1. Just give me the residues in region 96-123 being surrounded by fewer than 16 Cβ atoms within 10 Å (Cβ to Cβ) and not in a helix (DSSP H, G or I), in sequence order.
2. How many residues are surrounded by fewer than 17 Cβ atoms within 10 Å (Cβ to Cβ), in contact (Cβ under 8 Å) with a residue 60 or more places away in the chain and farther than 21 Å from ASN152 by Cα when one looks only at region 33-69?
3. Looking only at region 140-164, how many residues end up being farther than 20 Å from ALA66 by Cα and assigned to a strand (DSSP E or B)?
4. Only residues that are closer than 15 Å to TYR118 by Cα, among the small types (Gly, Ala, Ser) and touching a Lys or Arg at 6+ places or on another chain (Cβ under 8 Å): list them for region 40-79, please.
5. From the list VAL145, VAL132, VAL83, pick out the single residue that is among the aliphatic types (A, V, I, L, M), closer than 21 Å to LYS196 by Cβ and free of Cβ contacts under 8 Å to residues at least 60 places away in the same chain.
6. If you go through region 84-103 one residue at a time, do you hit one that is touching an Asp or Glu at 6+ places or on another chain (Cβ under 9 Å) and within 23 Å of VAL225 (Cβ to Cβ)?
7. Quick check on VAL205: is it modelled with pLDDT of 95 or more and surrounded by 18 or more Cβ atoms within 10 Å (Cβ to Cβ)?
8. Quick one: which residue in VAL253, VAL183 is of a type in the set (Val, Ile, Thr) and at pLDDT 80 or above?
Amino acid sequence: MRGREVRARGFPSDRRRAKCRAREVRAASSAERSAAMVKGRNVADKLNGTSVFLIGLMGTGKSTTASALAKAMGYSHLDTDDVIKSVTKKTPAEIFAESGEEEFREIESMILAEVASYKNCVISTGGGIVCVKTNWMHLHNGVTVRLDADVNVLASRIIADGAAARPALGDVDQGEGDEKTRVIARLESLLEARDKMYKQADIVVPVGARDSDVGAALDVVVDRVLDALDARVSEDAVQSKLRNEPQPGDVTVTDPRGEMGPKPKPRE
């Protein structure tokens, strides 16, 4: 009996150790969430209501990242595909299949024009929203963040979620090679067509990870976005100050050829 009591006191059971570990994990997760919220609120204060638009190829995690980012910043989250579904009562895939991509893009542009006027929002967009030039007029109402990753990472994510659910991959089951090869080929084709537009983003944030085939964890990506937003806002503040409130020492003007100032008097 005494032996059992000593063992119970000195060596907790597996169940007790598991409970202790679970509490530690919850405490650590809570601390991480609190740190993310502090950083997020700080960035939100600097943005002063300016909305954030997430753009990028399918599979970069725009919707998931936008939701977590909005929570950290105290912003609202809007997803253009979700709004389209709410308004039309059809999914983007159904609109693609029934009416074609052109019809879908027109609807998408109308939805973007509406949500772009909102403040204090993180807005996740469809991968092809950048293809319509007039959409950039609305995207530039806020800060555009491009989520970017290698096509191999994106293909792994898309296949895990189900490639057939993606409107732009509706016929990916046709063709040569295995599914991943076909998805990669389609992604490379889309990237070639859209990369020039994606490069108009204010910020580019990588979502890959050195030790993972499916990219970085969500909290890591959100942290990267917050750091990038903070850096960009701080940089813009400096540039704005130089443009609007130059102080002595901010700008130095030299006159190496003596062309400024009063003209010298002519010699008599």
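1. GLY100, SER117, TYR118, LYS119 - these are the residues of region 96-123 that are surrounded by fewer than 16 Cβ atoms within 10 Å (Cβ to Cβ) and not in a helix (DSSP H, G or I).
2. 4
3. 0
4. GLY49, SER51, GLY74
5. Working: VAL145 fails: free of Cβ contacts under 8 Å to residues at least 60 places away in the same chain; VAL83 fails: closer than 21 Å to LYS196 by Cβ.
Being among the aliphatic types (A, V, I, L, M), closer than 21 Å to LYS196 by Cβ and free of Cβ contacts under 8 Å to residues at least 60 places away in the same chain holds for just one of VAL145, VAL132, VAL83, which is VAL132.
6. no
7. On the way: modelled with pLDDT of 95 or more: yes; surrounded by 18 or more Cβ atoms within 10 Å (Cβ to Cβ): yes.
Yes.
8. Working: VAL253 fails: at pLDDT 80 or above.
That would be VAL183, the only listed residue that is of a type in the set (Val, Ile, Thr) and at pLDDT 80 or above.
The values are calculated or read from the model by the stated rules, or taken from the named source; none is laboratory data. Keep in mind that this is a model prediction, so the values were computed, not measured. Neighbour counts run over all protein chains shown; Cβ positions are idealised from the backbone, glycine included.
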